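The values are calculated or read from the model by the stated rules, or taken from the named source; none is laboratory data. Small disclaimer: the values here were computed from a predicted structure and weren't measured. Glycine also receives a Cβ, built like all others from the backbone with ideal geometry; neighbour counts cover every protein chain displayed. The area values use the complete protein model at the heavy-atom level, side chains included, leaving out ligands, DNA and RNA. Shrake-Rupley method; radii C 1.70, N 1.55, O 1.52, S 1.80 Å.
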Amino acid sequence: MELDLRELTPIQFMGTEMNFESSKAVIVPLPYSSVVHTENTVNGPMEILFAWNFEEFDLELGYEPSSVGVYPLPERQYVGEKGFNQIQNLAERLFESKKFPVFLGGDHSVTIATTAGLKGLKDTSIICFDAHSDLKNEYEGSQFSHMCVNRRISEKTDVYIIGNRSIGKEELEYVKTTNVNAYGKLSGDELREILDKSSDEVYISIDVDVFTPSVMPAVTMPEQDGLTWQEVIKTLKVLFQHKNVVGMDITELSPIPNFTSPNALCAQLAYKCIGYKFAKKETESSLF
C-alpha cells in the first residue's frame, strides 16, 4: 500500500510541531538493500533519526534550519522490485509537491529509484560523493545493485563523482566513453569545472564511504584516504550556493551496535544540507 501524503498528521520533531504541508524539507527513510552484504544498511535510516539530537541553531549559518519545517516521514519497508517501484513513486510525488527531500538509505541502489522520480532527469545533473565509481553494468546478477548506481543514472543524464578512489578496469574504460566525470579529492579548479559543466539543477547523492574510515567506520566497503568532514561540507556549501539542489540522499550507513557517532554524523550532515538549501545567499564561498 502506497503512503498517502494527504493523510500525514502533525508530528513533534526537533522540539516543534511539524506539518507536512507547511514543511519545506522532508526526511524520507528508505530501508532498502539490493544485495546480501548490504543488508545491515536497512537499519541505517532509523539509527540516523534516533541520533537526530542536537541544537536547532546552526552557528555557521546563523539561523535555525528547522524553522523552514522539517517533516520526517514514517518508515516503511521496501523489498525487491516492488519496493524499488514504490520508492520511485514516492520520490516522484515529493518532487511534484515541491518539497526538498532528504532520502536516507539503505544501500546506494535507492538513488536509482529516487532520481527516476525526477521527471526532468535529463536536465538534472547528478553529483555523487562516493569512494567507489559504482559503474558496473551488473553486480551479483542485477543491473540495479548498489554497485551499478552511477552506470544506470549515466544512461539518462550526466554524473559527477567526488571522492572516488576505487574503480574497476572495465569501469575506467566506461568513463572514457560516456558522460561520467570522476574526481578524487577536489582542487578548486576541479570544483569550478563541475560548476561550469553541470546543469543549473542538480541532485546530490552521498554514499558515506566517501569519508575516510576514521571519520566514518560504519560502512560495508571502507576505502582508505577518504575525505574529511570539512572537505565534504565545504564542497556541499559551494554546490548549494551555486546550484538549485532539488533533492539529495545519504546512503550506505551500516550501523555498528552501541556506537552512535557515525549515525550522528549522518543526521548532522542531513541537517547541515537543509541549512545550506534554505540559507540566505548573501555571500559565496571561495572554491578552496
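Tell me yes or no: at least one residue of segment 70-84 is assigned to a helix (DSSP H, G or I), at pLDDT 95 or above and surrounded by 13 or more Cβ atoms within 10 Å (Cβ to Cβ).
no
Go through segment 113-126 and count every residue that is more than 26 Å from V79 (Cα to Cα) and in contact with a Leu (Cβ under 8 Å, 6 or more places away or on another chain).
Going through segment 113-126 one residue at a time, the tally reaches 1.
Out of everything in segment 183-228 that is in contact (Cβ under 8 Å) with a residue 24 or more places away in the chain, open to solvent by less than 30 Å² (accessible area, probe 1.4 Å) and of a type in the set (V, I, T), what residue ends up being farthest from T251 (Cα to Cα)?
I194
Would you tally the residues in segment 136-164 being more than 17 Å from the chain's Cα centre (by Cα) and closer than 24 Å to G226 by Cβ?
The number of residues fulfilling the criteria is 2.
Go through segment 204-226 and give me each residue that's more than 17 Å from S261 (Cα to Cα) and more than 15 Å from the chain's Cα centre (by Cα).
M221, E223, Q224, D225, G226
Is there a residue in segment 110-128 that is part of a loop (DSSP other than H, G, I, E, B), among the polar types (S, T, N, Q) and over 23 Å from F20 (Cβ atoms)?
no
Would you be able to tell me the number of residues in segment 256-266 that are surrounded by fewer than 22 Cβ atoms within 10 Å (Cβ to Cβ) and at negative phi?
7
Inside segment 1-54, counting only strands (runs of 3 or more DSSP E) that do not spill past its ends, which hold 3 or more residues that are touching a residue at least 60 places away in the same chain (Cβ under 8 Å)?
Result: 25-30.
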